[in-house]
Amino acid sequence: MPEQVTSAAAGRNATGSGRKSRRTQVSAAVAAGLALALSVGPVVTASAAEATLSACLDNPPTPAGGQPPVAQTIKPSNTSTSTVITPTDEQIQCGRTELTTYNNVVYSTPTTASGTETQLMADIQVPATSGKKPLVIYLTGGGFMASNRTENLSQRTYVAEQGYVVASISYRTVLNGGATYEQGVEDVKAAIRYLRAHADEYGIDTSQVAVWGQSAGGYLAAMTGVTNGLKKFEEGDHLDQSSSVQAVIDEFGPANLSTTGSDYDQATYEANIAPGNNLAQYVYGAGTTKSVATYTSKVAAADPATYASKNSPAFALFHGSADQLVSPSQTLKLSDKLKAKGADATRYVVEGANHGDMAFMGNTESVKDWSSVPVMNAITGFLDEKLD
């Protein structure tokens, strides 16, 4: 059974803007100072004052499938067609808007490549404000080897508190039944269809849907957006519902898997094209001895740029200039391709930022660039513009 948790706290976001809209109204109960209850795992409570003064709590990322290749040298980022964001020390704060969270919601039960049935779940945060709200599907990273939907709670909560229903989902991966990118995209689209079918239950405006992902999740977000309407990726239940999205946020996701390490030193580049690595398995299947070094028809079919068109949804692509895991040129080339096709695409370079939360590599400070107010406000500003 899904677990339902309600959270509330008095206070304001770290932006200090105090702006109000139909999606950021604070309920009377929140204004009265109800206690905060965090939405993942056991319910943890804190006073309203503590919730206001402290940043959102988060779960550290978990490594999957061993340590990834980490670049020792990185080519300078090309920012000529991008917007540069300089992160600050000002961090996002949670506790402004009451949320109800539904944990462990089973949205699909597909059969894996190994022939076993698996339950895919969503954790859904719903603001306690009036009216239907836009939906944002969140996709965590994991190198295509794992997908822990409980990660990145702070940023998800911040977005939800701006008036969005945010659903963080698990999806099939190489380690979960030998999935390829095709099953990953199918899962994201299945979650979108499920939530559209249950829109009344969660207060969702079905005409306003975005998909937002980081790293491998950013890749899947991009693939989901550019394949709007393609029957090839439609599998599972609720096929009477649309899986199309109106906006995509791709944070430091790969695109052309044959050039994921193209901005790096030779050793890191070669590790990214090693036969049978995680990228190869995500294209060719578990246990493959092939490499993604050559841009074959299979690698091209896994590249979101292949599907870019003037009908693609609006894109916001983000990359850190100091990303050691996915070459910054990945989002640049995808952005350029989208714009060349006539799509609405904006790329942001976060100056000095690494690959999201690198705590699993011993870097406990890197996440602060991505949870800083300038970066998160660029994300919510994009959502406000494209989904309102």
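All of the numbers you see were taken from the coordinates with simple rules; none came from a lab. Bear in mind that the values here come from a model prediction, so they are computed numbers and not experimental data. Here Cβ is always computed from backbone atoms with ideal geometry, including for glycine, and neighbour counts include all displayed protein chains.
With respect to GLY261, determine if the residue is crowded, with 17+ Cβ neighbours inside 10 Å and under 25 Å from TYR107 (Cβ atoms). In short, no. Listed by position, the strands (runs of 3 or more DSSP E) contained in region 97-150 that have at least 1 residues being within 16 Å of the chain's Cα centre (by Cα) are 120-127, 133-139.
The numbered conditions (1) surrounded by fewer than 24 Cβ atoms within 10 Å (Cβ to Cβ); (2) in contact with an Asp or Glu (Cβ under 7 Å, 6 or more places away or on another chain) are all true for SER130 except (2). Taking the criterion of being in contact (Cβ under 8 Å) with a residue 24 or more places away in the chain, closer than 25 Å to PRO68 by Cα and part of a helix (DSSP H, G or I), the residues of region 282-334 that qualify are TYR282, VAL283, TYR284, VAL299, PRO304, ALA305, SER329, GLN330, THR331, LEU332, LYS333, LEU334.
Among the residues of region 293-320 satisfying the criterion of being over 19 Å from the mean Cα position of the chain (by Cα) and of a type in the set (Ser, Thr, Tyr), which is surrounded by the fewest Cβ atoms within 10 Å (Cβ to Cβ)? So the residue we want is SER297.
Test ALA216 against the stated conditions and say whether it is among the small types (Gly, Ala, Ser) and either free of Cβ contacts under 8 Å to residues at least 12 places away in the same chain or in contact with a Lys or Arg (Cβ under 8 Å, 6 or more places away or on another chain) (or both). Lay out the reasoning, then the answer.
Working: among the small types (Gly, Ala, Ser): yes; either free of Cβ contacts under 8 Å to residues at least 12 places away in the same chain or in contact with a Lys or Arg (Cβ under 8 Å, 6 or more places away or on another chain) (or both): no.
When the stated conditions are applied, ALA216 does not pass them.
As a summary of the residue check, VAL185 satisfies the conditions (1) out of contact with any strand residue (DSSP E or B) (no Cβ under 9 Å at 6 or more places or on another chain); (2) buried (at least 24 other Cβ atoms within 10 Å of the Cβ); (3) over 22 Å from SER242 (Cα atoms) except for the one numbered (3).
Within region 118-144, residues that are touching a residue at least 24 places away in the same chain (Cβ under 8 Å) and at positive phi sit with their Cβ atoms under 6 Å from residues that are surrounded by 24 or more Cβ atoms within 10 Å (Cβ to Cβ) and of a type in the set (Ser, Thr, Tyr), at 6+ positions apart or across chains, in these pairs: PHE144/THR173; PHE144/TYR282.
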